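Beneath this line is the structure, given in structure tokens, with notes to follow.
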Amino acid sequence: GPGAAATLAVAANKMLPAAASYYTFTLSVRLGATGTASSASVKVYPKAANDGSPSVQVFGTDLSSPIVPNLRLVLSSSVSGTQTGVTYQWTTANGDVDLRQVQYLRSPNSRTSLLVVKAAILTPGMRYTVRLTATRAGTSGFGEVAFNVDDPPSGGTLDVSPTSGVSLTTLFTFAAPDWQEDADSLPIAYKFHYEQPTDKVVNRIAAYSSDFKITRTLPAGPAVDNSVLNIKLSVRNALGTETTVSACNLAVGACAVTVEAHSYSETLSEISSLVAGMQSLLDAGSAGAVLDLISQMLAALGAASATTSGRRRAA
């Protein structure tokens, strides 16, 4: 009933195993007489004191906070008494993913004392209850944990302008407007990268930072892809939960940008100019930007070499 006590004590022998499979206790808290109310519930499964069933505990890392869905989830366990002859079975007591299925797991299967769930399996925004049942000498006991899965930032887009240009020369603007996140998961960070369509090689344009709008050059797209690079945006919150966008400019499909190669001599000239400006980036503490620039220069040099070789073969 209502009251001001924060602790509830239940007398011994009141929750009998034969009377119910479990009891649900709910605590409701209200600030003041008319304030907003909040509640939480827990299920208690009574058992006879000496029925011989194992006592099971399940552990995870900081499950009181929402877990990051793009990282793997590791749950360990402790079973009382001798471990000889104990069998294990993990199940999903609440949630939309059946963790008995091996395709969702990094651990060998769901019948070991340790459960490792692959990254990007659990649904963002969902609440899960995961249970481990341990059986020894014909009697079973179980333990379980409940946790929430974090939501990634949402509501934003990727804008790229222009959508064609020349390697190491054209300045492309990449913007990520309108991304939103809950106040307790701020700040938001943005990473821009590109992918070569055929071989799926992904390279960074700019590392994660608070900059939602940047201007950069790009290397030439591969000849086999008709000089096309697919631009992508990854957005993550303070917990590390991220989402990736592959479309841009409010269009459907891949964010395709055409970047033509310079001739070999023109590429060398552009690289010489860029190398001269690297020291200023280093002086500003932008070592990551220097590495990104070197990667672009190597890719541009390779594309220019391939273009020159192709022209020679054609001649």
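The values are calculated or read from the model by the stated rules, or taken from the named source; none is laboratory data. Because the structure is a prediction, the values reported are computed rather than measured. Positions of Cβ are backbone-derived with ideal geometry, glycine not excepted, and every protein chain shown enters the neighbour counts. Heads up: the accessible areas ignore ligands, DNA and RNA and are worked out on the full protein's heavy atoms, side chains in. Shrake-Rupley method; radii C 1.70, N 1.55, O 1.52, S 1.80 Å.
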query = Could you list, in sequence order, the residues of segment 275-288 that are open to solvent by 40 Å² or more (accessible area, probe 1.4 Å) and touching a residue at least 24 places away in the same chain (Cβ under 8 Å)?
reply = none
query = If you take the residues of segment 119-153 that are exposed (fewer than 15 other Cβ atoms within 10 Å of the Cβ) and within 18 Å of residue 66 (Cβ to Cβ), which of them is farthest from the chain's Cα centre (by Cα)?
reply = 129
inquiry  = Anything in segment 183-219 that is of a type outside the set (D, E, K, R), open to solvent by 60 Å² or more (accessible area, probe 1.4 Å) and part of a strand (DSSP E or B)? List them, or say none.
reply    = 202, 215
key: Inter-residue pairs, beta-carbon under 9 Å, first part of a strand (DSSP E or B) and in segment 251-274, second basic (Lys, Arg), 6+ apart   = 255/232
request  = Just name the residue that is surrounded by the most Cβ atoms within 10 Å (Cβ to Cβ) out of those in segment 220-239 that are under 22 Å from residue 270 (Cβ atoms) and polar (S, T, N, Q).
outcome  = 227
key: Residues located in segment 221-250, provided they are assigned to a loop (DSSP other than H, G, I, E, B) and not hydroxyl-bearing (Ser, Thr, Tyr)   = 221, 222, 226, 237, 238, 239, 240, 247, 248, 249, 250
task = Identify all residues within segment 86-102 that are open to solvent by less than 60 Å² (accessible area, probe 1.4 Å) and more than 31 Å from the chain's Cα centre (by Cα); write none if there are none.
result = 86
task = Could you tell me whether residue 115 is touching a Ser or Thr at 6+ places or on another chain (Cβ under 7 Å), buried (at least 16 other Cβ atoms within 10 Å of the Cβ) and either of a type in the set (A, V, I, L, M, F, W, C) or under 22 Å from residue 70 (Cβ atoms) (or both)?
result = yes
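To keep it simple, each residue is scored yes or no on (1) touching a Phe, Trp or Tyr at 6+ places or on another chain (Cβ under 7 Å); (2) aliphatic (A, V, I, L, M); (3) farther than 30 Å from residue 128 by Cβ.
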| site | (1), (2), (3) |
| --- | --- |
| 150 | no, no, no |
| 153 | yes, no, no |
| 163 | no, no, yes |
| 170 | no, no, yes |
ask   = Hey, does segment 250-257 have a residue that's at pLDDT below 95 and more than 30 Å from residue 125 (Cα to Cα)?
value = no
query = (1) in a loop (DSSP other than H, G, I, E, B); (2) over 15 Å from residue 147 (Cα atoms): which one isn't true of residue 122, the others all being true?
reply = (2)
ask   = In this structure, does residue 27 turn out to be assigned to a loop (DSSP other than H, G, I, E, B), modelled with pLDDT of 80 or more and more than 30 Å from residue 121 (Cα to Cα)?
value = no
task = Have a look at 97, 117, 102 and point out the one that is out of contact with any helix residue (DSSP H, G or I) (no Cβ under 9 Å at 6 or more places or on another chain), at pLDDT 95 or above and among the hydrophobic types (A, V, I, L, M, F, W, C).
result = 102
